[in-house]
Structure formats: structure tokens, C-alpha cells
1. Suppose the filter is in a loop (DSSP other than H, G, I, E, B), open to solvent by less than 20 Å² (accessible area, probe 1.4 Å), modelled with pLDDT under 95 and out of contact with any Lys or Arg (no Cβ under 9 Å at 6 or more places or on another chain); does Ser406 pass it?
2. Based on what the data block shows, is Ser133 modelled with pLDDT of 95 or more and open to solvent by 10 Å² or more (accessible area, probe 1.4 Å)?
3. Being under 24 Å from Ser102 (Cα atoms) and modelled with pLDDT of 95 or more is the requirement here; does Arg196 meet it?
4. Enumerate the pairs (first residue in the stretch 304-325 and within 21 Å of Lys204 (Cα to Cα) and open to solvent by 10 Å² or more (accessible area, probe 1.4 Å); second residue anywhere and modelled with pLDDT under 95 and among the charged types (D, E, K, R)) with beta-carbon separation below 8 Å, excluding pairs fewer than 6 apart on the same chain, so at least 6 apart or on different chains.
5. Go through (1) open to solvent by less than 10 Å² (accessible area, probe 1.4 Å); (2) modelled with pLDDT of 95 or more; (3) under 17 Å from Met99 (Cβ atoms); (4) of a type outside the set (Val, Ile, Thr) and name the single condition Gln160 misses.
6. Can you find even one residue in the stretch 209-230 that is buried (at least 24 other Cβ atoms within 10 Å of the Cβ) and within 17 Å of Leu247 (Cα to Cα)?
7. So if I check each of Ile107, Ile63, which one is touching a helix residue (DSSP H, G or I) at 6+ places or on another chain (Cβ under 7 Å) and among the β-branched types (Val, Ile, Thr)?
8. Mind checking which residues of the stretch 47-89 are open to solvent by less than 80 Å² (accessible area, probe 1.4 Å), assigned to a loop (DSSP other than H, G, I, E, B) and either of a type in the set (Asp, Glu) or closer than 22 Å to Ala155 by Cβ (or both)?
Amino acid sequence: MMDKLWLFLLLQLLFVLSASQKTNLDSPINLETYRIFRNWILRNFAKNERVRAQHEGKLQQEISEDIPFPCNVTNGKSPIVPDSVHRLRPGDIDVIAAMGDSLTAGIGIFATNLLELSIENRGASFTIGGEKSWRTYLTLPNIFKEFNPRLIGYALGDGQTYESTSQLNVGEINAISRDMPFMAKYLITRMKRDTRIDIKKHWKFISLFIGANDFCSHMCVPSSPWSILEKHRIDLINTFRILRDNLPRTLVSLIIAPNLKEYVITSKKRNLLKCYIVTTIGCSCLFGLQFQDRRQEYYEVMSRWQKLQEEVANYPEFNRKDFTIIVSPGISNIKITLPEGESSDLSYFSADCFHISQKTHAIFANALWNNLLQPIGNKTTTLLPVFETFLCPTSKRPYLVTRENSQI
């Protein structure tokens, strides 16, 4: 067994290193190798992973059945299906989908050791997980389901993109900006093949979250880190045009990528050798010692990336009656404070000290849900404990907020 373990770790390391040169989506060999070893991990190491995660405090506190859902859902669905994206209530969303990287794919949400990082816990991912309910796993779909129990598209459990449990979660580990146009086309194909979905009739909600891998593995490769910005602008424009031209009745939530500056700052408190090694390999641009003199410049690039995302989302061509993009900055200033001392609390993180645990996915979901109901220019970017602030539609403001209804 130990020989197998060391072999896996070696191959996993080679996989991570190769991923810094090209992404999973570009390499069928990498992807197939990953799938084989991921299935081996499921068979040999993933038993009771959620029990272990709960024991280590990585799960949100479960809500009792005696406590009602925070919102009154009675008027959460329009009496007549609206024909404008600017008059959508939460219950009007029929189909939910998500594009992105490993956080969207739910990598290591319940992981308590490095081997379990191969498991994609898509059913608990903050943007697209629909496993159980909001009482156990607070996610955007589990919130939307309270307003529309017939919602479809959310991921149902552990699995990879090609597996049926993934449904309309097309996120891939190691995905970067340039993968988004392809991912949009793949999502459209998957929707059109789903007999439950009426592309012209159903209202669709799509989350798009990308940037971390560009920051971690690609920002330090070109001669100038600023070169990734214009490429990202083109990628976003192409992606949004593909979605707009093929998916009528669609609301896209562009989740602003977080500036990872705080991850670098708090890394000093990650005194475990495991954390040091894994974060240095997995996010070499920001954690690698060879790039430490350029970090301030990298922080500025990440800030500009955030502004660029908002700029593109607000292009007039992406705002029409049956399609629009809303900017969701709820996790853009992510800061998870770790206490000082020898035993830092890493329960907010997965086993690699970089990806996040289920209770942090719940915090993210809460923040992004609030963004959907907050006026433009007044959307919060501060992460709070789950349910400390949980907004609800009201009779005066019943709609998911877009540019055109923000001031209503």
C-alpha cells in the first residue's frame, strides 16, 4: 500500500507541475491520468471523508428542521413568467449552471488529507452544488431551490465533468481564462442535449468564476505579467458573446476573482511543512520565493484584473431584454484570518491549505446570494459568518438586481 501511495504522490506532483505549463482542458493525457487516479482514491481513501471533515470543523453548522428558511418564499416567483431579464424573481430561474476552475468543481471540499484533493465534491460547490439542502450545505442552488423546487442543473454529488452527477457544472480543475470560450460552447451543447431544458422558454442563471490559476501559474511566465490582462478581456468578450448568441433568457453572474494578496500574507502563519510545499508548488507565482520581489506588481495586476472584469460585464452589447450580466464582487476581497500561534486554525481551508473547505464554500454562497439582491454600487465585499446577514426579496425590491432595475 505504501508503494502505491508514494507512486500516487509522485504522479500527482508531476501532474501539478505539468499543469503549470498547460491546462487540463488542453491535455487529454493529463485529464485521463487524473481520472484514473481519482477513481482509485475514491475506492481506497474516500470512505468517511465527510465524517472526518466534520470532526476537524470543516463543515458549516447544520441548521435544525425547527428553524425556517430565512426568507418568505411566497412571492418569490412571478405569477406570470416574465419576458424581461430585468424582472426576474429568484423563483423564476428554471435552470442553473456554472463555469470555472477547481473551486467550481468543488475540489477537496471535504478533504482532510492530500490524497482526497483528487475528489471533486461538486454537490457542495458554492455556485452550483445542490446536494442535500441549505440546512446542511449552503449553496446558491440550495437557496434558489427554496423559491423554485423544480430548479434543474445543479450538481448532485462527487464526480467529474463528464459524469452525470455533474449536470450543468462544467468547471474544470486548472482551468484558466483562455478555457472559458470552449467551456461556454460545451455548456451550451450540454444544455441543448438535456431533454428537460427548453432553451427558448426557460430562464437560465449561469455563474462564471475564473482567475486564480491565471494568477498562480501564468502571471509570472510572460516577460510582463500585465500581458494576461488584455488576453483576459478578449476571452471574456468572446465567452459572453457565445452565451448571449446561443442562450436566450439568460442571466450571467460574473463573480469577480479575488485578489490573492491576503493568501500570501497569511501564508506566513501556515507553519506546516505540508502547507508550505503544496502552496509553493500549486501557486508558484505568488508563493514561490523566486518571485517574491515582484509580488507588489502581481497584486496590482490582480486589482486591474478585477476592474477589467467589471468593465467588460458592463459593455452595452451584453445588456438586453433577454440577456444581461451582473457583477458579483462578494468574494473579491477575500480575507480569511488565521490566528497567531503554532496551531493555526486551518479549518476554513482544504487539506492543501489553499483550496477551501465546505464551511467556507457556505460563506461564499451567502455573500454571493446577498450580491444578487444588493443595488449596484452598494454590493458588499466583506465575508461574514453564514447567515449573519442573509438578504431576502421584498415587495418593494422583488427582483434579482440588474443594471436596469437597480434603482427601482
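The values are calculated or read from the model by the stated rules, or taken from the named source; none is laboratory data. Here the structure is a predicted model, which is why all the values come from computation and not from measurement. Every residue, glycine as well, gets a Cβ built from its backbone with ideal geometry; the counts of neighbours run over all protein chains shown. Protein only, heavy atoms only, side chains kept; ligands, DNA and RNA dropped before computing areas. Shrake-Rupley method; radii C 1.70, N 1.55, O 1.52, S 1.80 Å.
1. Working: in a loop (DSSP other than H, G, I, E, B): yes; open to solvent by less than 20 Å² (accessible area, probe 1.4 Å): yes; modelled with pLDDT under 95: yes; out of contact with any Lys or Arg (no Cβ under 9 Å at 6 or more places or on another chain): yes.
Taking the combined requirement at face value, the residue satisfies it.
2. yes
3. Values: under 24 Å from Ser102 (Cα atoms): no; modelled with pLDDT of 95 or more: yes.
Here the answer is no, as Arg196 does not meet what is asked.
4. Asn314/Arg403; Asn319/Arg403; Asn319/Glu404
5. Every listed condition holds for Gln160 apart from (2).
6. no
7. Residue meeting the stated conditions: Ile107.
8. Lys58, Leu59, Gln60, Ile63, Phe69
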